[in-house]
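Below you'll find the structure, written out as structure tokens, and then a few comments.
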Amino acid sequence: MAVLHNRVSQKELKKLLYQETEPRTTISFYQYAKIEDTKSFRDELYKNLNELKVFGRIYIAYEGINAQLSVPSANFETLKNYLWSVSFLKGVRFNVAIDDDGKSFWVLKIKVRHKIVADGINDPDFDMSKKGKYVDAVQFNSLTNDADTIVVDMRNHYEYEVGHFENAIEIPSDTFREQLPMAVNMLQNEKDKNIIMYCTGGIRCEKASAYMLYNGFKNVFHLEGGIIHYVNTAKEKNLSNKFKGKNFVFDDRLGEKISDEVISKCHQCGKLCDEHTNCANDGCHLLFIQCEECAKKYSDCCSEECQSIYNMPEGEQKEIRKGKMNGIMIFNKSRHRLRPKLNNF
Ligand SMILES: [Zn+2]
Ligand SMILES: [Zn+2]
């Protein structure tokens, strides 16, 4: 029987990846499409990708597929041809990561989920095929010169904080499902303006654009391929780059630089900084921005409290962690929840 799941420990897999000398390319892609039999598509995909030594994180749902992966660069063409041979993925665009060391993933995980992007929408009349118009980098630049255009960032706060498009507004919530109705409320009086939505790779803003249309907005656009594709195109075509700062990505790298400009500050001392890190205290693991000096001063922890725990023997640390929530998903923490713990920068 074909292997449909990996059987080696995570630690072992990571070690193997770092021993690998073959260059890898990190890519992401998504497609909204109706997939009837998600389970058998998942198994088929796993078999084919595993053969090509692909690592990554892929979600499949009835509404489509969302994939972030790394592939040995020598296998990239074969992978592309295979994926394009799948009827609903024909011609799908791959976002290739900039500033890439190929060490983003070390295992292949493909999961079937309810949705590829959790949106909290239960209305069966909501239709992903009625979505906003795509804009490319050229159209984005010219449309954003128009005073009647509003640019909306559909990512989370910690992503917006380190980098965003000029004049983009933030929808201040933790989760995409909360952001959708919030965006509708915030823009209620701007229904005749041009609304351009964007996110990292396009998957969230594509859904958001459909949601705005569903709520009566007329001139809704979304940035094709998201920030990643925009930046690549701007470079290629020598366009002015309206994205300032750093683009946050969800893998081991936690961000890729797009301009040299740093627009965010260390959460501990307020110095300009755009390095995200996780608090070294395992019982906290908070995701926050920390400069090098503060990392030294606080032993890579988010607070003196965490530092004192971190400096205790492991046995005592375990005692403290007991009874506390384990494995908190840091990526969902908002500024709001960060505030009590971190300085107000
Ligand atoms: Zn600092
Ligand atoms: Zn901490």
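The values are calculated or read from the model by the stated rules, or taken from the named source; none is laboratory data. Please read all numbers here as calculations on a predicted model, not as lab measurements. Cβ atoms come from the backbone with ideal geometry, glycine included; neighbour counts cover every protein chain shown. These area figures cover heavy atoms from the full protein model, side chains too; ligands, DNA and RNA do not enter into them. Shrake-Rupley method; radii C 1.70, N 1.55, O 1.52, S 1.80 Å.
Structure notes:
- Residue in region 259-266 that is more than 21 Å from residue 70 (Cβ to Cβ), of a type outside the set (S, T, N, Q) and within 16 Å of ligand 2 (Cβ to nearest atom) present: yes
- Output for region 270-286, where each listed residue is open to solvent by 60 Å² or more (accessible area, probe 1.4 Å) and free of Cβ contacts under 8 Å to residues at least 40 places away in the same chain: 271, 272, 275, 282
- Residue count for region 210-245 satisfying the condition of being under 12 Å from residue 153 (Cα atoms) and in a helix (DSSP H, G or I): 2.
- Unmet requirement for residue 25, which otherwise passes all of (1) open to solvent by 60 Å² or more (accessible area, probe 1.4 Å); (2) closer than 25 Å to residue 206 by Cβ; (3) among the polar types (S, T, N, Q): (1)
- Check on residue 102, surrounded by 20 or more Cβ atoms within 10 Å (Cβ to Cβ) and in contact with a strand residue (DSSP E or B) (Cβ under 8 Å, 6 or more places away or on another chain): no
- Pick from region 287-305, criterion near ligand 1 (Cβ under 8 Å from one of its atoms) and assigned to a loop (DSSP other than H, G, I, E, B), ranking: surrounded by the fewest Cβ atoms within 10 Å (Cβ to Cβ): 291
- Where a residue in region 63-91 is without any contact (Cβ under 8 Å) to a residue 40 or more places away in the chain and its partner, wherever it lies, is in a helix (DSSP H, G or I), with Cβ under 8 Å and at least six apart: 79/49; 82/48; 90/84; 91/84
- Criterion: surrounded by 18 or more Cβ atoms within 10 Å (Cβ to Cβ) and over 17 Å from residue 6 (Cα atoms) - qualifying residue of 49, 69, 79, 45: 79
- Filter result for residue 166 (open to solvent by 70 Å² or more (accessible area, probe 1.4 Å) and under 22 Å from residue 49 (Cα atoms)): no
- Of the residues in region 4-11, at least one is over 19 Å from the mean Cα position of the chain (by Cα), open to solvent by 20 Å² or more (accessible area, probe 1.4 Å) and charged (D, E, K, R).
- Those strands (runs of 3 or more DSSP E) of region 123-167 in which 1 or more residues are farther than 11 Å from residue 223 by Cα and touching a helix residue (DSSP H, G or I) at 6+ places or on another chain (Cβ under 9 Å) occupy 149-153, 163-165.
- Identity of the residue in region 306-324, near ligand 2 (Cβ under 10 Å from one of its atoms) and open to solvent by 30 Å² or more (accessible area, probe 1.4 Å), that ends up nearest to residue 289 (Cα to Cα): 307
- Unmet criterion (only one of (1) modelled with pLDDT under 95; (2) crowded, with 18+ Cβ neighbours inside 10 Å; (3) not hydroxyl-bearing (Ser, Thr, Tyr)) for residue 114: (2)
- Residue in region 186-193 that is out of contact with any His (no Cβ under 7 Å at 6 or more places or on another chain), modelled with pLDDT of 95 or more and buried (at least 18 other Cβ atoms within 10 Å of the Cβ) present: yes
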